[in-house]
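Enquirer: Got a structure here, written out as structure tokens. Questions coming.
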Amino acid sequence: MKYFKLPDLGEGLPEAEIVEWHVQEGDEVEVDQILVSVETAKAIVEVPSPQTGVIAHLFGAAGDTIHTGEPLVEFAGGEDADSGTVVGQLSQAKSTESQRESFIIGAAPSSRQAAHQSTTPAVRSLAQRLGVSLETLRGSGPGGRVTAYDVERAADLDQSFGAPEPLKGVRKQMAKAMAQSHAEVVPVTLCEDADIDHWPEGTDITMRLVQAIAAACQAVPDLNVWFDGQQLARRPHSKIDLGVAVDTEQGLFVPVLRDIGNRSLDDLRDGLNRLRADVKARSIPPAEMQGATITLSNFGTLAGRYASPVIVPPQVAIIGAGVIRRQPVAVGDEVRIHRVMPLSLTFDHRAATGGEAARFMLALIQSLSE
Amino acid sequence: MHEISYQGEIRLTRYLNDSGEPLGEMPDWACGNQPWVGYYQQMVLARQFDTKAISLQRTGQLGTFASLLGAEAIDVVCASLMQAEDVLVPYYRNHAMQMIRGMPISQLFLYWGGDERGSATPEMGRDLPNAVPIATQCLHACGVATALKLRGEHQAVLTMIGDGGTSKGDFMEAINVAGAWQLPVVFIINNNQWAISVPRSQQCIAPTLAQKAIGAGIRGEQVDGNDAIALHEVVGQALERARAGKGPTVIEALSYRLSDHTTADDATRYRPSDELKAAWAREPVARLRNWLHSQGLWDEAREQAWQTETKQLIESAVATYQAIEPQSVDEQYDYLYAECPPGLAAQREQARIRQQRREQGGADHE
Amino acid sequence: MSDNAITLLEAVNLALARALEEDPNVVLLGEDIGTNGGVFRATDGLKARFGERRVIDTPLAETMIAGLSVGMATQGIRPVAEIQFMGFIFPTMEHLVAHAARMRHRTRGRLSCPMVLRAPFGGGIHAPEHHSESTETLLAHIPGLRVVIPSSPARAYGLLLAAIRCDDPVVFLEPKRIYRASKTLIEDNGEALPLDTCFTLREGSDITLISWGAMISETLAAADQLADEGISCEVIDVATLNPIDHATLVASVSKTGRCVIIHEAPHHGGMGAEIAATLSEQALTYLQAPPRRVTGDDTVMPYYRYEQLYLPDVDDILIAVRETMEYSG
């Protein structure tokens, strides 16, 4: 039940006498509808209803004296309107606000890695004056803090050669991934040539390479594994998911051709074409570039003979194929001119032995020679 | 027309005169060996401790010390009548009580030697540490008593305050709530006539301090604080009443502060020397010794033996005190919170470094 | 008990009831808290439910309430004392500073003082003189004393439970302006919130708004408006003023590089100054603009006719944020 108590109708008026009720019990009343006329020591005052509702009870009749704070009217239903304070007024909740609260205990996840460059206010102001973007600088001070010297040197360079272009997008990702790989992997590269003179005209070279890698992985499974350098643990894969390096104007993409050991040539070719098209159209979903178990870099379509391509952990091997060339080879005791494909196999020596890598290379050459 | 709504009276209990002779016929319980010889021995020990503490302070081996000189009977009788499970809520002049309740003398020296570990002594049980801010202990005693009452423990809480402390609101609020809730507290006022330099006469116009109890509606009485026999009766009855759930008592024990307020004070600046001289004629230790002599319970030989024994006890406690290793700097940080918060842990780390640096002498300019 | 949308005041009541139920050592004491249920009704119904030995009406003496709580707490009782208004907390200071805050320290752990002192505080309810001040900084300065301020029903419930279960003395200050200002769903599951951490109410990237208590309402409202202007505000409720979780504040401001600290209490020597000083010690090299404070002025808290002028409002926060965003070194 909700009570409307006689408010102080003036400053410190202790009581009022009921002159006339304007409503009856059971009436429905609106906000500000006059309920009652009362006479105080100062005047006759009309007291309006503080709320909409149904009158359950009227306290007192005409001629009765009501003290300030005593109930005047009882409204039907609702909560006890006891405002619960001997002093002041508390603002009341609207009944609509009843969601559950959500908040983070402690710092937000995004706060755990500070984004901005560390520097002093003086250097920040210097950078602003010289037009140097702090975000492009590598601090030489303690804890990587950008110093005044760093800012001045950058300003000099900018003046001589123009401002540096910060890396963006794929190129930025490449820079990070390669640097991380370089810091972690122990790479060894093995080079060999495959004699492909017997290949008929029009052979799909990439598909032959894909097939040969599948054959080599099946013959020597030691390189189709993931390696966890923290735990020092190997995770062998029975399925072969081949990363295929694709060069574009925007940078390096490596989409993944799935399960190359169990698919037909045509199917694989279709798949690769689709991946390449998606890369070109920049519509390839990130999932299509994740989860490779071994990688092929076919730089031979452009230029170059041997290389030491970079392994991206957790993979442990990458195969590079150079430009196919005609060159003298020894066939029995004779020198002939044959078409030859130069091959480079880079493996992570933490995860595989030189013997395993050599046997893998042998299996690869054998498959290509068939 | 007028009528009398209330009339109070304050009783003063004393059995021995200044020289330890009976003021009248002694009650039966006052005759015999027990517990007077024990009281006397503890009072001698307390006085020896006091003397030693002052000399340690004067030689830089103890910090500022608040002497108990002249209040030995009050402390010894109160502590002796308390049960182990009763709780003592002391102020800063209750060394003898703490000693009798089990605190090793070396720990008492440790406390006054500026080391909080003195208040960590396990023998103190659930007794509170010394209250240095005046009169606050009276409210703590009420809180302890409330806890005992809530748990249904029928034990008493005893707390002590000086005459000056009774002018503070805390005392008035404490006796008020102790009365309202009938708490098992015995409030002892050690009225030693001086609050540092302010004499009792300037503290309060009321002829007795015990009558403040009347305003709180509780029992209040006076006792000669130099008379161990009178104290035994009055304090004993108050503790019994408290344990029996019959409410609190205020006991104003009349004594005289024969010492300075503390070792940092010089009472000759404000205290008339003939007043001090007169007070020495009433002091509690000699008075009880005279009574024991007259009863044939004590003699010169026993006196000599006990003086020697206590001296050895005190000396051995001093040696123990001096051999205590200094506390680690960590202790200043580890007990503030149940678990040391990260900000404080960082300060603790800095403090360790600072301590090392100071031990090695001077700032490291590297 | 099931889910229920309740006010901050009801959350306090719920947490008190929970604490009384789960630990027989928990005892409430204070003026008018029993039969009357407290002047704000924080203890409404608790005496009837738990009896007069657990919910105790005391004589009218704040020093006594604090001193008694200290004594009780040393004996293993967990007193939860109410001081009717923060304006009347000053007589308790001697017991808080000289005893409660250092009981464990000075007895090297032999005794401790697990008490809670609750008090409604802050302005904005048209109260008489001496009823509207925010003097939390006085308390937050005391080593060994925890000072906790909830800013919502959920945090009131979780933090009060934590305060009562805490083995340290806690001053729990309840922002009375928002006692009944909003309702949220709360599950009475007895789960406490941590006392030694801030709460991130809103994640953002451009600027960190730091506040506590009733001013959280204005701060969140400002953050909403600023989002429309394209300014992404992180809003942090400090919640525990001592010992304060500087790590969260430093992490956030290191990310955003900017901050505005909002409190109702006076400017001079306020907690805002402490936070700004710590940010300058620990996050200086990430700051893009000086930390800014939006606070009450260094005047006496006005009697109610002028209290709205004294209290920081949403506009004050908007102006400070915009100026901080536009700041250039």
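The values are calculated or read from the model by the stated rules, or taken from the named source; none is laboratory data. In this text the structure is predicted, and so the values were computed from the model without any measurement. Note: ideal-geometry Cβ built from the backbone for every residue, glycine included; neighbour counts use all protein chains shown.
Enquirer: For residues that are exposed (fewer than 11 other Cβ atoms within 10 Å of the Cβ) and in contact (Cβ under 8 Å) with a residue 60 or more places away in the chain, tally how many sit in region B:32-60.
Expert: Going through region B:32-60 one residue at a time, the tally reaches 0.
Enquirer: Just checking, does region B:122-129 include any residue being within 23 Å of B:LEU336 (Cβ to Cβ) and more than 13 Å from every other protein chain (Cβ to nearest Cβ)?
Expert: No: zero hits.
Enquirer: Has region C:54-62 got any residue that is assigned to a loop (DSSP other than H, G, I, E, B), at pLDDT 95 or above and of a type in the set (D, E, K, R)?
Expert: The answer is yes, given that some residue of region C:54-62 is assigned to a loop (DSSP other than H, G, I, E, B), at pLDDT 95 or above and of a type in the set (D, E, K, R).
Enquirer: Examine region A:297-316 for a residue that is of a type in the set (S, T, N, Q), modelled with pLDDT of 90 or more and either touching an Asp or Glu at 6+ places or on another chain (Cβ under 6 Å) or surrounded by 20 or more Cβ atoms within 10 Å (Cβ to Cβ) (or both), and state whether such a residue exists.
Expert: Yes, that holds for at least one residue.
Enquirer: Of all residues in region B:103-121 being within 13 Å of chain C (Cβ to nearest Cβ) and among the small types (Gly, Ala, Ser), which is surrounded by the most Cβ atoms within 10 Å (Cβ to Cβ)?
Expert: Going residue by residue through region B:103-121, those that are within 13 Å of chain C (Cβ to nearest Cβ) are B:103, B:107, B:110-111, B:114-121.
Those left that are additionally among the small types (Gly, Ala, Ser): B:114, B:118-120.
Working: B:GLY114: 10, B:GLY118: 26, B:SER119: 23, B:ALA120: 21.
Restricting to residues being within 13 Å of chain C (Cβ to nearest Cβ) and among the small types (Gly, Ala, Ser), the top hit is B:GLY118.
Enquirer: Right, here's the next one. Would you confirm whether any residue within region A:70-84 is of a type in the set (A, V, I, L, M, F, W, C), touching an Asp or Glu at 6+ places or on another chain (Cβ under 6 Å), at pLDDT 80 or above and part of a loop (DSSP other than H, G, I, E, B)? I'd like the intermediate steps shown before the answer.
Expert: The first filter runs over region A:70-84 and keeps only residues of a type in the set (A, V, I, L, M, F, W, C), leaving A:72-73, A:75-76, A:81.
Filter once more, so that each one left must be touching an Asp or Glu at 6+ places or on another chain (Cβ under 6 Å): none.
Within region A:70-84, none of the residues are of a type in the set (A, V, I, L, M, F, W, C), touching an Asp or Glu at 6+ places or on another chain (Cβ under 6 Å), at pLDDT 80 or above and part of a loop (DSSP other than H, G, I, E, B).
Enquirer: Just give me the residues in region B:200-213 being crowded, with 19+ Cβ neighbours inside 10 Å and among the aliphatic types (A, V, I, L, M), in sequence order.
Expert: Result: B:LEU209, B:ALA210, B:ALA213.
Enquirer: Modelled with pLDDT of 95 or more, away from chain C (no Cβ under 14 Å), in contact with a helix residue (DSSP H, G or I) (Cβ under 8 Å, 6 or more places away or on another chain) and farther than 30 Å from B:GLU9 by Cβ: does that describe B:ALA323? Step through it out loud before you land on a result.
Expert: Values: modelled with pLDDT of 95 or more: yes; away from chain C (no Cβ under 14 Å): yes; in contact with a helix residue (DSSP H, G or I) (Cβ under 8 Å, 6 or more places away or on another chain): no; farther than 30 Å from B:GLU9 by Cβ: yes.
No; evaluated as a whole, the condition is false for this residue.
Enquirer: Among B:ALA96, B:ALA66, B:ALA73, which is the only one that is part of a helix (DSSP H, G or I), away from every other protein chain (no Cβ under 14 Å), in contact (Cβ under 8 Å) with a residue 60 or more places away in the chain and within 28 Å of B:ALA174 (Cβ to Cβ)?
Expert: Details: B:ALA96 fails: in contact (Cβ under 8 Å) with a residue 60 or more places away in the chain; B:ALA66 fails: part of a helix (DSSP H, G or I).
Testing whether each residue is part of a helix (DSSP H, G or I), away from every other protein chain (no Cβ under 14 Å), in contact (Cβ under 8 Å) with a residue 60 or more places away in the chain and within 28 Å of B:ALA174 (Cβ to Cβ) leaves just B:ALA73.
Enquirer: Within region B:203-318, which helices (runs of 4 or more DSSP H) (wholly inside it) include 3 or more residues that are closer than 30 Å to B:THR59 by Cβ?
Expert: Per the criteria, B:273-280, B:284-294.
Enquirer: Could you say whether any residue in region C:75-93 is within 14 Å of chain A (Cβ to nearest Cβ) and assigned to a strand (DSSP E or B)?
Expert: Within region C:75-93, one or more residues are within 14 Å of chain A (Cβ to nearest Cβ) and assigned to a strand (DSSP E or B).
Enquirer: In region A:201-231, how many are surrounded by fewer than 19 Cβ atoms within 10 Å (Cβ to Cβ), assigned to a loop (DSSP other than H, G, I, E, B) and in contact (Cβ under 8 Å) with a residue 60 or more places away in the chain?
Expert: 2
Enquirer: Looking at C:CYS259, C:CYS198, which one is closer than 12 Å to C:ILE317 by Cα, surrounded by 24 or more Cβ atoms within 10 Å (Cβ to Cβ) and at pLDDT 95 or above?
Expert: Numbers: C:CYS198 fails: closer than 12 Å to C:ILE317 by Cα.
When all the criteria are applied, what remains is C:CYS259.
Enquirer: Ok, one more. Being within 15 Å of C:PHE172 (Cα to Cα) and either assigned to a loop (DSSP other than H, G, I, E, B) or modelled with pLDDT of 95 or more (or both) is true for just one of C:SER132, C:SER69, C:SER112. Which residue is that? Working first, answer last.
Expert: Numbers: C:SER132 fails: within 15 Å of C:PHE172 (Cα to Cα); C:SER112 fails: within 15 Å of C:PHE172 (Cα to Cα).
Going through C:SER132, C:SER69, C:SER112 in turn, the sole match is C:SER69.
Yes/no per residue for (1) loosely packed, with under 13 Cβ neighbours inside 10 Å; (2) in contact (Cβ under 8 Å) with a residue 60 or more places away in the chain; (3) within 14 Å of chain C (Cβ to nearest Cβ); (4) not in a loop (DSSP other than H, G, I, E, B):
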residue	(1), (2), (3), (4)
A:ALA127	no, no, yes, yes
A:PRO164	yes, no, no, no
A:LYS176	yes, no, no, yes
A:VAL188	no, yes, no, yes
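Enquirer: Please identify the pairs in which a residue from region C:42-67 that is touching a residue at least 24 places away in the same chain (Cβ under 8 Å) has its Cβ atom under 6 Å from the Cβ atom of a residue that is aliphatic (A, V, I, L, M) and part of a loop (DSSP other than H, G, I, E, B), counting only partners at least 6 apart or on another chain.
Expert: Sorted first by the residue in region C:42-67, then by its partner, the pairs are C:THR43/C:ILE33; C:GLU62/C:ILE83.
Enquirer: If the requirement is being surrounded by fewer than 23 Cβ atoms within 10 Å (Cβ to Cβ) and either in contact with an Asp or Glu (Cβ under 8 Å, 6 or more places away or on another chain) or more than 7 Å from chain B (Cβ to nearest Cβ) (or both), which of these qualifies: C:GLY51, C:GLY67? Before you say what the answer is, go through the steps one by one.
Expert: Numbers: C:GLY67 fails: surrounded by fewer than 23 Cβ atoms within 10 Å (Cβ to Cβ).
Being surrounded by fewer than 23 Cβ atoms within 10 Å (Cβ to Cβ) and either in contact with an Asp or Glu (Cβ under 8 Å, 6 or more places away or on another chain) or more than 7 Å from chain B (Cβ to nearest Cβ) (or both) holds for just one of C:GLY51, C:GLY67, which is C:GLY51.
The rows are residues; the columns are (1) small (Gly, Ala, Ser); (2) more than 30 Å from B:GLN350 (Cα to Cα); (3) in contact (Cβ under 8 Å) with a residue 60 or more places away in the chain.
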residue	(1), (2), (3)
B:ALA286	yes, yes, yes
B:ASN290	no, yes, yes
B:TRP298	no, yes, yes
B:GLN304	no, yes, no
B:THR310	no, yes, yes
B:ILE314	no, yes, yes
B:ILE324	no, no, yes
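Enquirer: Let me ask something else. Can you tell me which residue is farthest from the other protein chains (Cβ to nearest Cβ) among those in region C:295-329 that are touching a His at 6+ places or on another chain (Cβ under 6 Å) and not charged (D, E, K, R)? Step through it out loud before you land on a result.
Expert: So the first thing to find is which residues in region C:295-329 are touching a His at 6+ places or on another chain (Cβ under 6 Å), and the list is C:295, C:298, C:304.
Then keep just the ones that are not charged (D, E, K, R); that gives C:295, C:304.
Values: C:THR295: 22, C:TYR304: 8 Å.
The residue in question is C:THR295.
Enquirer: Evaluate the following for B:SER197: is it surrounded by fewer than 23 Cβ atoms within 10 Å (Cβ to Cβ) and in contact with a Phe, Trp or Tyr (Cβ under 7 Å, 6 or more places away or on another chain)?
Expert: Working: surrounded by fewer than 23 Cβ atoms within 10 Å (Cβ to Cβ): yes; in contact with a Phe, Trp or Tyr (Cβ under 7 Å, 6 or more places away or on another chain): yes.
It is true that B:SER197 is surrounded by fewer than 23 Cβ atoms within 10 Å (Cβ to Cβ) and in contact with a Phe, Trp or Tyr (Cβ under 7 Å, 6 or more places away or on another chain).
Enquirer: Another one. Give me a count of the residues in region C:98-127 that are of a type in the set (D, E, K, R) and either more than 7 Å from every other protein chain (Cβ to nearest Cβ) or out of contact with any helix residue (DSSP H, G or I) (no Cβ under 6 Å at 6 or more places or on another chain) (or both).
Expert: Initially, region C:98-127 is screened for residues of a type in the set (D, E, K, R), giving C:102, C:104, C:106, C:108, C:110, C:118.
Checking the rest, the ones that are also either more than 7 Å from every other protein chain (Cβ to nearest Cβ) or out of contact with any helix residue (DSSP H, G or I) (no Cβ under 6 Å at 6 or more places or on another chain) (or both) come to C:102, C:104, C:118.
Matching residues across region C:98-127 total 3.
Enquirer: If C:ILE83 meets every condition in (1) in contact with a strand residue (DSSP E or B) (Cβ under 7 Å, 6 or more places away or on another chain); (2) touching a residue at least 60 places away in the same chain (Cβ under 8 Å); (3) surrounded by fewer than 24 Cβ atoms within 10 Å (Cβ to Cβ) apart from one, which number is that one?
Expert: Single failed check for C:ILE83: (2).
Enquirer: In contact with a Leu (Cβ under 8 Å, 6 or more places away or on another chain), within 14 Å of another protein chain (Cβ to nearest Cβ) and part of a helix (DSSP H, G or I) - does that describe any residue in region B:341-364?
Expert: Going residue by residue through region B:341-364, those that are in contact with a Leu (Cβ under 8 Å, 6 or more places away or on another chain) are B:344.
With within 14 Å of another protein chain (Cβ to nearest Cβ) added as a condition, the list becomes B:344.
Filter again for part of a helix (DSSP H, G or I), leaving B:344.
For region B:341-364, residues in contact with a Leu (Cβ under 8 Å, 6 or more places away or on another chain), within 14 Å of another protein chain (Cβ to nearest Cβ) and part of a helix (DSSP H, G or I): present.
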